[in-house]
Every structure is written in C-alpha cells, then in structure tokens.
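For reference, the structure is listed below as structure tokens.
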Amino acid sequence: MRIARIAPFALLALAGCHHEAKLSADQAWVRLPAVAGHPGAAYLTVHGGPEPARLLAVESKAAGSTELHESMKMGGSGMTGMQRLDGLDVPVNGTVRFAPGGNHVMMFGLDANLKAGDTIPLSVRFEKGQPLTVDAKVVGAGDAAPY
C-alpha cells in the first residue's frame, strides 16, 4: 500500500530527469598521412538531436580542403575503394560514426607543421543551423586510434 502512494512521486521525479539530446559531435581525431603531402583523414562521432539533420561538411583551417567519403568493398576481390559523399543524414537522437574502414573525412593539403600530439579544431557544418566546433587529436600514421 505504501508503494502505491510513493509510485506517482517517483514517476514525476524520473520525468523531471529526462532531457532531450542536442545535436553534438565528439571523439574527433585526425590521422596524419604516412607520406608527407598526401591526404590525411579525420574521424568523429556525430550525435543527433531532437530533429533530423543533414551533415554537409567537416572542415578545418589546418587543411586546404576536405571531403566526406565512404569506404566500401569493390566486387568479390576484397579490395576497398572510396566514394565521395555530398552529405549524411543524422537521425533524431541517432549516431553517425566516422571510423577507419567506414565514413571518414579526407583532408587535403594538411598543414606540414602538424605532428602527433597536436590538437586542431574541426568545424562540423549542417544544412541548417550553426556549425559545431570539436577539437580533434592528431595521431601519427602508424599510431593506434584514440577512440
């Protein structure tokens, strides 16, 4: 009987704890190229908010240009290739991961002074709203992924 009297208050307390997620990005990192002058790659996780979003670009002042890409297997040979993407849909409260072997950001013309251990800002741009800024850890070509 006592539980029946407490239950409505417990439910109200739980309802007050609920909050809507907001569009955000984290776990960003950049892998330097093995050969200077070649492109590097950036990876991150984008978390959807209360509305669907369309990711258009991930940019950095440390790169001359960037492109969104998707890695994919080509035929039955086991070889992989890349396809340029014009954007990615971020579902409501969903997650879009950029990781080696999957979606990634190609970074062309990287600053030659970048070295493992540095941190650079990435600007994550969407079809609507303000861009998000996330700091990316820089790792060497042969270093383990930080996330």
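All other residues with a Cβ under 14 Å from the Cβ of LEU68 taken together, and with Lys, Arg as +1 and Asp, Glu as -1, what is their net charge? If you can, show how the numbers build up before the last one.
On the way: positive: ARG54, ARG84, ARG97, ARG125; negative: GLU59, GLU67, GLU70, ASP86, ASP89, GLU127.
Local net charge: -2.
Between amide H atoms placed 1.01 Å from N, distances below 5 Å from ASN103 occur with SER71, all of them 5 or more places distant or on a separate chain.
Any read-out appearing in this document is the output of simple, stated calculations on the displayed coordinates, not a laboratory observation. Just so it is clear, the model here is predicted, and its values are computed rather than measured. Using ideal geometry, Cβ is built from the backbone for each residue, glycine included, and neighbour counts are taken over all protein chains shown.
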